[in-house]
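Reading through the structure tokens given below for one structure.
Every read-out reported here was derived from the displayed coordinates using simple, explicitly stated rules and does not represent laboratory data. Here the structure is a predicted model, which is why all the values come from computation and not from measurement. Cβ atoms come from the backbone with ideal geometry, glycine included; neighbour counts cover every protein chain shown.
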Amino acid sequence: MAAVQETIEQVRRIDVEQYKYGFVTDVESDKAPKGLSEDIVRFISQKKNEPEWMLEWRLEAYRRWLTMREPDWARVNYPKIDYQDLYYYAAPKKKKELASLDEVDPEILKTYEKLGIPLREQELLAGVVRPEGERRIAVDAVFDSVSVATTFQKELKDAGVIFMPISEALREYPELVRKYLGSVVPASDNYFATLNSAVFSDGSFVYVPEGVRCPMELSTYFRINEKNTGQFERTLIIADKGAYVSYLEGCTAPQRDENQLHAAVVELVAMDDAEIKYSTVQNWYPGNAEGVGGIYNFVTKRGDCRGDNSKISWTQVETGSAITWKYPSCILRGDNSSGEFYSIAISNGHQQVDSGTKMIHLGKNTSSRIVSKGISAGRSQNTYRGLVSAHRKAKGARNFTACDSLLIGDQCGAHTVPYMEAKNPTAVFEHEATTSKISEDVLFYCVQRGLSQEEAVGLVVNGFVKDVLQQLPMEFAVEAQKLISISLEGSVG
Amino acid sequence: MNAPVAALKTEAEQGLATAFAAAAPGLPGGAAVAAARAAAFDAFAQAGLPHRRLEAWKYTDLRRLMRDAKPLAPPPEAAAKAEAATAGAVIAGLGFRRLVVVDGVFAPDLSDLADLEPGLAIASLADQLAADAPLLPAAFADVLPAAEPAVTLNGALVRGGVVLTVAPGAVVARPLHLAFITTGTAPVAVYSRSLLTLGAGAKLSLIETHEGPEGVDYQVSAVLGLDVGDGASLDHVKITREGSAALHVASLIASVGAAATLTTCGFTLGGAVVRNQAFVRLKGAGTNATLSGVSLLAGRQHADATLMLTHAAPGSTSREVFKAVVDGAARAAFQGKIAVEQAAQQTDARMMARALLLSEEAEAYSKPELEIFADDVQCGHGATTGTLDDQLKFYLMARGIPAKEAEALLIQAFVGEVIDGIAQEGLREALTAATVAWLEARDA
Amino acid sequence: MTALLEIRDLKAEVAGRQILNGLSLTVNKGEIHAIMGPNGAGKSTLSYVLAGKPGYEITGGEVLLNGEDLFAMAADERAAKGLFLAFQYPLEIPGVATLTFLRAALNAQRRKRGEEELSSPDLMKRVRELSKKLGIDPDMLRRPLNVGFSGGEKKRNETLQMALLEPLLCVLDETDSGLDIDALKVVANGVNQLRAPERGMIVITHYQRLLDYIVPDVVHVLAAGRIVETGGKDLALQLEATGYAQYQGEAA
């Protein structure tokens, strides 16, 4: 059998149920009644002890959402979502107020342990088998609708960095949150973002003050556990003048037959000379081999390079979800600001990915770079959709875009839909895209050197995505590489 | 008329309804054609003029750009024909066989019909429609997207055009020149449709020119159907040089057979709003298609080149190069989609779109797109937007060439890549001369 | 003497066309065999059939490597058993550093043979030594495999892989193609260093030139899919003078 044919066969046989994060944690949960109404919005706000203005903001979003239509322009197909058949709030029941991490439900701690997420600072600090010089990572763990633990809070506080659940920030730093919330993704932005604005339950809040370089990587780990529960987290990261922060986001969910909705909003604000690096490894449950179940991932992520010389960099490795609808974008408002988007999107089984970015050049001498690597296997559809625009005043705007797609098998599709809009003659945009399959000859060359078929495909795929993997922080890069292999299991081994 | 006029909101849409009602009884066609026209207008009326929320018309919003609908041009009288005598002057003297279409009607009396090569037949669409020939031959059925608005509206209102047939194996040595001209000083609407059937193994060169009165806001809708048989070879050039106030919407529909060769090049100079859309389906295996275009735009011109190229069978190769030079407050849009169907393994497709912006207010939009369902393919596209290379300009100036001249040279080089791909030398020269004239007008 | 490779009456087709027509050949340990022949004789087909390239159908005969049925093994198993094909046109793998590739190949073979994987420092040490011997710029090891390499660099890289993987049977497919005389000498020198009592080699070439530098023990003429003549190294010189025309008719 020809090498590629063999690979295709293997991919066809792929059992997506090998998803290794598909277990369910047995914890008692505190849920709002099913369905969505003003009362539910009030319920969520009340649960969170929010200030009055926040409730009003949510209600306004909710009313707005009622008038909106679900977008249909993306190349994704899914049955109509019944928004009244979802739980909008689920929180693990607390036995009492937590004084320390030791009081977190041990089942939840076990969950994160199983997922390889270090919540126990002491373990981290003890440095058991930790290579020298490894960076420490502060983690905010979001379990269904609430944050269950945030590590390293004290050390960060000493550095002046605020890193806490957004629900907490709303109570402790209401004015700071109010100043920035919705300033990048307005409550009325789009159907899913508006829904999120009405019902978001938790997420992370980060504020890095002027001149501070955040002393460690920050990360949030999202876990959907409950059945029929939508997850609507909201992340807000502000890097004040001259500040720097690197933030990582990871996501998994149990394996369930029902589709689950995830509609998150992430807002980044970078002031003068500030830099935010945002990395995602998205591994929500993709559904089984027949396309049953899986997460609907409708996410709005946008960064505002508000200050001069600011920089926002998005790196994403998208391997999970039944549907991914996601366009992490940069508004390059400040002069000399720059935006980056590095993406690996892998689809297998019946997954549908419609992802890309928008680079909106508004300021002078702004630059952006887009590197997208799509890999389609099985019966999946993988679309890159991107916009690069230079407005009238965006003198000297620069963009370089490279979009490459790799096809494994003839039952899948790879699509590239870039938009380039230049309203300034000094703007220079360059775009390149290719679509191809893994060359039989290259595979044979590897196999002749002793690599198995799977190893050969894995090697070639890793080479294909290398430019993007390099952008991830080291710890994540290793994890991502493994994840890529698992996602293409059967073809990569 | 039973069109749901409710959908027709704009003045232009209502005007079209009026124009159709007024003209329909006088348009050529038997009962079947009349019914097809009515159905086409109904279909158009359901959707109205294409607008920016339709992805294919994102950058050319006819609801906004077409302010009103002009009355249909009457069949040409003596005055119109006299005016049409010089049609296609831009490429006169190249020895091509000229066929003139005046105000949408084929004029045999103005056309060179002497000594037709064996295998070449030339007829009038109006005559064929009168005999109830279909508005669109079956060969094109799977080439067009469903309810394509421009072609649908054209079907309702078409007055005439040329029908060309080349017998299998016939090699037509003398290029055919379809010279389309709109006459008079009154703003009119002209709907023409021409069809070519190129038999298996046949060869032909076909050149279209489109022109009309300067400063008159007339409207042109032109459809050209190209049915290229197995192993046939067609070389096609379209020169759009409408008057500066004209609206021009042209649709090229091509069905390409196995091992055939299709080369088509569009050259757009004139017109206030120009939309050149091409729907090309490579139906047979091992075809070779080269599609290219150049737009030279200034003032407030708007030109849109939209290409929908489908590889439907294995082993075909396609190459696309589209360039736009945009000056003044003009706007250039390019949308190019290469679709590779599952059966089309071993497809090799490459597309390049480049825009050159020459002024502060110039705008360029491009959307090169790939839609791939076969895995054993090599497909790629590239797109660039930018202004003239300062270093090159400086280099030329350092050699003593004045700035304007240096710019002109660089622009000519930019456009030259496409013009150089045209087979006939005379045509290349004519288009180069047109480019030079455009550059001189720019400097003036 | 022990037979390392025995090819018996081998027949093979590609895309329904018979290319190998009953080819027989025995290579003993320690021997270098040259296979010469006109274009289209089946030289490259032989190398691909031995290495197990997809798309080649075996329609007759058998091949034994160290007494084991070669065709019962997948291509990667053949490699692990010691069969190495130096490609006429080595492939490029973007994004995969040469060193990464070497590690992946060597350790894949070692795993298959039940040997322990080589640690990174050990591997680096060995690769450095070999690179030095072959005059390979260490910088090349960090570059993606064969991407942007010159013809000479690619062939040197093939030789480096051969030296690192220590195969039992080396098949060199037109190693001289695309090389200038200096590059040819470097590559031939590298190959000669690999001559060993337990190792056999098949050097496939169209021209005698290569055999000035890699001196064979036996020379075969392959024409129309069969060995039509076998001789000592003088046969190569003779062919250089007379050309292959005499075999064209004979084979048909």
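Remarks
- For A:Thr280, the residues 5 or more places off, or on other chains, whose built amide H falls under 5 Å of its own are A:Glu249, A:Thr315, A:Gln316, A:Val317.
- Sorting C:200-211, A:52-63, B:380-391 by average packing, meaning the other beta carbons within 10 Å per residue, from highest down gives C:200-211, B:380-391, A:52-63.
- Calculated translational diffusion coefficient of the range B:388-444 (10 °C, 1.306 mPa s; Stokes-Einstein with Kirkwood radius over alpha-carbon pairs) equals 132 µm²/s.
- Under-5 Å amide H pairs with B:Ala349, H placed in peptide plane, nonlocal only: B:Ser318, B:Gln378, B:Cys379, B:Gly380
- Label positions at A:Arg369 and A:Trp73, each projected 7 Å from the Cα along the C-beta direction, are separated by 2.8 nm.
- Counting only Cα atoms, the size of the range B:66-164 along its three principal axes is 41, 39, 27 Å, in decreasing order.
- With a 10 Å cut-off around each Cβ of C:70-80, the average count of Cβ atoms from other chains is 4.
- Sequence-separation-based contact order of the range B:388-444, relative, with Cα cut under 8 Å and 6+ spacing, percent: 30
- Solution diffusion estimate, µm²/s, Stokes-Einstein, the protein assembly as shown, Kirkwood Rh from C-alpha pairs, 10 °C, viscosity 1.306 mPa s: 47
- With R₀ set to 56 Å, the beta-carbon distance separating C:Lys132 from B:Glu440 gives a calculated FRET efficiency near 0.30.
- Applying a threshold of 25 Å to the alpha-carbon distances of A:Lys482/C:Lys155; C:Lys185/C:Lys233; A:Lys373/C:Lys132; A:Lys373/A:Lys482; A:Lys373/C:Lys155 flags A:Lys482/C:Lys155; A:Lys373/C:Lys132; A:Lys373/C:Lys155 as lying beyond it.
- Entries of A:Lys326/B:Lys9; B:Lys70/B:Lys367; A:Lys241/A:Lys277; A:Lys466/C:Lys154 with Cα pairs more than 24 Å apart: A:Lys326/B:Lys9; B:Lys70/B:Lys367
- Once C-alpha pairs closer than 8 Å and six or more residues apart are averaged by separation and normalised to the residue number of chain C, the relative contact order reads 28 percent.
- For the range A:170-290, the alpha carbon positions stretch 51, 29, 24 Å along the principal axes, listed from largest to smallest.
- GluC sites (Glu not before Pro) within the range A:176-227: DSSP coil, no more than 16 neighbouring Cβ in 10 Å: A:Glu210
- Pairs of C-alpha atoms in the range B:142-296 farther apart than 27 Å represent 22 percent of all such pairs.
- Remark: the range B:276-362 is approximated by an ellipsoid whose semi-axes, taken from the C-alpha gyration tensor as √(5λ), come to 31, 10, 8 Å, largest first.
- Annotation: amide H of C:Thr175 within the under-5 Å range of C:Ile204, sequence separation 5 or more or interchain, hydrogens built in the peptide plane.
- Per-residue ³J(HN,Hα) for the range A:322-336, Karplus 6.51 cos²θ - 1.76 cosθ + 1.60, θ = phi - 60°, Hz, x for Gly and Pro: 6, 10, 10, 9, 7, 9, x, 10, 10, 9, 8, 8, x, 5, 6
- Solvent-free Debye calculation, one equal scatterer per alpha-carbon of the range C:3-251: log10 I(q)/I(0) at 0.09, 0.12, 0.14, 0.16 Å⁻¹ equals -0.38, -0.69, -0.94, -1.22.
- Averaged over the residues of B:358-367, the number of partner chain Cβ atoms lying within 10 Å of the residue Cβ comes to 5.
- Here the range C:24-143 is treated as an ellipsoid with the same Cα gyration tensor; its semi-axes, largest first and in whole Å, are 29, 18, 15.
- Altogether, the Stokes-Einstein calculation at 25 °C and 0.890 mPa s, with the Kirkwood radius of the range B:76-387 over Cα pairs as Rh, returns a diffusion coefficient of 125 µm²/s.
- For the range B:361-423, the set of trypsin sites (Lys or Arg not before Pro) satisfying both a DSSP loop assignment and a count of at most 12 other C-beta atoms within 10 Å is given as B:Arg399.
- Fraction of the pair-distance distribution of the range B:1-132 above 27 Å, Cα-Cα pairs, percent: 40
- Trypsin sites (Lys or Arg not before Pro) restricted to the range B:46-99 and DSSP loop, no more than 15 other C-beta within 10 Å: B:Arg52, B:Arg53, B:Arg67
- When only alpha carbons of the range C:62-125 are considered, Rg and Dmax amount to 13.8, 41 Å.
- In terms of packing, defined here as the mean over residues of other Cβ atoms within 10 angstrom, the peptides A:303-316, B:202-215 line up highest first as A:303-316, B:202-215.
- Most mobile of C:Lys154, C:Lys125, C:Lys29 in a GNM of chain C (Cα contacts under 10 Å): C:Lys125
- Averaged over the residues of peptide A:452-462, the number of Cβ atoms from other protein chains lying within 10 Å of each residue's Cβ is 4.
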